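Right, one structure below, let's go through it.
The values are calculated or read from the model by the stated rules, or taken from the named source; none is laboratory data. A quick note: this is a predicted structure, and the numbers were derived from the prediction, not measured. Quick reminder, even Gly has a Cβ in these numbers, built from the backbone with ideal geometry, and neighbours come from all protein chains shown.
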(Lines give C-alpha, C1' and ligand atoms only; values in the text may rest on other atoms or scores of the structure.)
Protein backbone atom coordinates (compact mmCIF):
# COMPACT_ATOMS: atom_id res chain seq x y z
CA UNK A 1 0.00 0.00 0.00
CA UNK A 2 2.87 2.38 0.87
CA UNK A 3 4.66 1.62 -2.35
CA UNK A 4 1.56 2.10 -4.51
CA UNK A 5 1.08 5.46 -2.81
CA UNK A 6 4.69 6.38 -3.54
CA UNK A 7 4.58 5.30 -7.18
CA UNK A 8 1.38 7.22 -7.91
CA UNK A 9 2.82 10.38 -6.40
CA UNK A 10 6.25 9.91 -7.96
CA UNK A 11 4.94 9.50 -11.49
CA UNK A 12 2.58 12.45 -11.10
CA UNK A 13 5.48 14.57 -9.84
CA UNK A 14 7.59 13.60 -12.85
CA UNK A 15 4.74 14.58 -15.16
CA UNK A 16 4.13 17.92 -13.44
CA UNK A 17 7.74 18.94 -12.82
CA UNK A 18 9.25 17.87 -16.15
CA UNK A 19 6.21 18.28 -18.39
CA UNK A 20 6.32 14.67 -19.60
CA UNK A 21 3.77 13.63 -22.20
CA UNK A 22 2.81 10.25 -23.58
CA UNK A 23 0.17 7.56 -23.57
CA UNK A 24 0.39 6.67 -19.88
CA UNK A 25 0.23 10.31 -18.78
CA UNK A 26 -3.55 10.43 -19.25
CA UNK A 27 -3.90 7.39 -17.00
CA UNK A 28 -1.80 8.88 -14.19
CA UNK A 29 -3.47 12.29 -14.46
CA UNK A 30 -6.94 10.72 -14.30
CA UNK A 31 -8.93 12.29 -11.45
CA UNK A 32 -10.03 8.88 -10.06
CA UNK A 33 -6.42 7.71 -9.82
CA UNK A 34 -5.54 10.90 -7.99
CA UNK A 35 -8.42 10.39 -5.56
CA UNK A 36 -6.89 6.97 -4.85
CA UNK A 37 -3.57 8.65 -3.97
CA UNK A 38 -5.37 10.99 -1.56
CA UNK A 39 -7.44 8.19 0.00
CA UNK A 40 -4.35 6.02 0.47
CA UNK A 41 -2.60 8.92 2.20
CA UNK A 42 -5.42 9.27 4.71
CA UNK A 43 -5.62 5.50 5.22
CA UNK A 44 -1.86 5.18 5.75
CA UNK A 45 -1.86 7.97 8.36
CA UNK A 46 -4.73 6.36 10.28
CA UNK A 47 -3.22 2.87 10.09
CA UNK A 48 0.16 4.14 11.30
CA UNK A 49 -1.49 5.73 14.33
CA UNK A 50 -3.27 2.45 15.12
CA UNK A 51 -0.56 -0.08 14.26
CA UNK A 52 2.27 1.73 16.05
CA UNK A 53 0.39 2.41 19.28
CA UNK A 54 1.85 1.32 22.62
CA UNK A 55 2.03 -2.46 22.90
CA UNK A 56 3.28 -4.61 25.77
CA UNK A 57 6.64 -6.14 24.93
CA UNK A 58 7.51 -3.55 22.30
CA UNK A 59 9.96 -0.81 23.22
CA UNK A 60 8.45 2.65 22.82
CA UNK A 61 11.44 4.62 21.54
CA UNK A 62 11.89 7.81 19.54
CA UNK A 63 11.93 6.01 16.19
CA UNK A 64 8.61 4.37 16.90
CA UNK A 65 7.03 7.67 17.95
CA UNK A 66 8.37 9.43 14.85
CA UNK A 67 7.12 6.61 12.63
CA UNK A 68 3.69 6.77 14.21
CA UNK A 69 3.20 10.46 13.48
CA UNK A 70 5.41 10.86 10.37
CA UNK A 71 2.60 10.25 7.83
CA UNK A 72 0.79 13.33 9.09
CA UNK A 73 3.39 15.67 7.54
CA UNK A 74 3.07 14.41 3.95
CA UNK A 75 -0.69 14.26 4.45
CA UNK A 76 -0.81 17.94 5.45
CA UNK A 77 1.51 19.01 2.62
CA UNK A 78 -0.54 16.94 0.19
CA UNK A 79 -3.76 18.59 1.33
CA UNK A 80 -2.16 22.01 0.81
CA UNK A 81 -1.20 20.97 -2.72
CA UNK A 82 -4.64 19.53 -3.37
CA UNK A 83 -6.37 22.71 -2.24
CA UNK A 84 -4.05 24.83 -4.44
CA UNK A 85 -2.85 26.82 -1.43
CA UNK A 86 0.71 26.02 -2.52
CA UNK A 87 1.75 25.04 -6.02
CA UNK A 88 5.52 25.53 -6.11
CA UNK A 89 7.73 22.76 -7.46
CA UNK A 90 9.88 22.82 -4.32
CA UNK A 91 6.77 22.08 -2.25
CA UNK A 92 5.99 19.05 -4.42
CA UNK A 93 9.56 17.84 -3.83
CA UNK A 94 9.16 18.48 -0.09
CA UNK A 95 5.93 16.45 -0.10
CA UNK A 96 7.73 13.62 -1.92
CA UNK A 97 10.68 13.64 0.51
CA UNK A 98 8.39 13.71 3.56
CA UNK A 99 6.48 10.75 2.12
CA UNK A 100 9.68 8.77 1.55
CA UNK A 101 10.86 9.59 5.07
CA UNK A 102 7.54 8.44 6.54
CA UNK A 103 7.71 5.25 4.50
CA UNK A 104 11.21 4.45 5.76
CA UNK A 105 10.37 5.21 9.39
CA UNK A 106 7.24 3.05 9.29
CA UNK A 107 9.12 0.16 7.68
CA UNK A 108 11.85 0.32 10.35
CA UNK A 109 9.42 0.60 13.26
CA UNK A 110 7.20 -2.21 11.99
CA UNK A 111 10.23 -4.48 11.51
CA UNK A 112 11.32 -3.79 15.09
CA UNK A 113 7.78 -4.49 16.30
CA UNK A 114 7.63 -7.83 14.45
CA UNK A 115 10.97 -8.89 15.96
CA UNK A 116 9.91 -7.82 19.47
CA UNK A 117 6.59 -9.67 19.25
CA UNK A 118 8.25 -12.81 17.85
CA UNK A 119 10.33 -13.26 21.02
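Computed quantities for the displayed model
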{"quantity": "Boolean, residue 22 is in a loop (DSSP other than H, G, I, E, B), loosely packed, with under 10 Cβ neighbours inside 10 Å and in contact (Cβ under 8 Å) with a residue 24 or more places away in the chain", "calculated": "no"}
{"quantity": "Matching residues, the range 25-59, being over 21 Å from the mean Cα position of the chain (by Cα), without any contact (Cβ under 8 Å) to a residue 12 or more places away in the chain and not in a helix (DSSP H, G or I)", "calculated": "54, 56"}
{"quantity": "Residue 63 surrounded by 19 or more Cβ atoms within 10 Å (Cβ to Cβ), over 18 Å from residue 4 (Cα atoms) and at pLDDT below 95", "calculated": "no"}
